[in-house]
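Scroll down for the structure; my scribbles are underneath it.
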Amino acid sequence: MIKGVKTKKLKVIPDERGRLMEILRCDDDVFLKFGQVYMTTTYPDVVKAWHMHKKQTDHIACVSGMVKVALYDGRDGSPTFGEISQFYIGEHNPVLVQIPPGVYHGWMCVSQNEAVVINIPTELYDYEYPDEYRLDAHTDEIPYDWDRKDG
């Protein structure tokens, strides 16, 4: 696994009224600090990639649908420089993925329905000077193939 990336298996608590799932608590081992919380959606077979942050750590969880999350360690000097990690997260595998600064990341919706992803970044989004560095989803700079394996 890429150095600095952590995961937390999420606990779903069902009852006769529905279910509750805690995503990130301030007493979790993976908790760093709070910047904001936002929700984003991705339509089936759509790829949202690649981007990274220089200051911010992301904490992502998919709460509806399923996404294939891919990470690429682009940090010079990292013991896992150039390594790829991949996770399938969502309804069928409730997991939080912590993504440290310098690690490129993105995801593809692999469910038949729209995927809903929650992110809890450590930093507040700065509209004037965003901490966001992007590459094309299909760049040759990252050795990753977003194609579905079924065809």
Can you tell me which residue is farthest from the chain's Cα centre (by Cα) among those in the range 27-45 that are loosely packed, with under 14 Cβ neighbours inside 10 Å and not polar (S, T, N, Q)?
Asp27
Take the range 97-149 and flag every residue that is of a type in the set (Val, Ile, Thr) and more than 20 Å from Leu10 (Cα to Cα).
Val103, Thr139, Ile142
Residue pairs meeting the criteria (Cβ under 9 Å; at least 6 apart or on separate chains; first under 15 Å from Pro143 (Cα atoms), in the range 71-92; second among the acidic types (Asp, Glu) and part of a loop (DSSP other than H, G, I, E, B)):
Leu71/Glu83; Tyr72/Glu83; Tyr72/Glu141; Asp73/Glu83; Gly74/Glu141
State which residue pairs qualify: first residue at positive phi and of a type outside the set (Val, Ile, Thr) and inside the range 3-18, second residue at pLDDT 95 or above and surrounded by 10 or more Cβ atoms within 10 Å (Cβ to Cβ) in any location, beta carbons under 6 Å apart, and separation of 6 or more residues or different chains.
Gly4/Pro100
Report yes if some residue within the range 58-70 is modelled with pLDDT of 95 or more, surrounded by fewer than 17 Cβ atoms within 10 Å (Cβ to Cβ) and in a loop (DSSP other than H, G, I, E, B); otherwise report no.
no
Could you tell me which of the residues Met52, Met39 is touching a Phe, Trp or Tyr at 6+ places or on another chain (Cβ under 9 Å), farther than 13 Å from Lys9 by Cα and touching a residue at least 12 places away in the same chain (Cβ under 8 Å)?
Met52
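The values are calculated or read from the model by the stated rules, or taken from the named source; none is laboratory data. The structure displayed is predicted, hence computed values, not measured ones. FYI the Cβ positions are ideal-geometry reconstructions off the backbone, even for glycines, and counts take in every protein chain you see.
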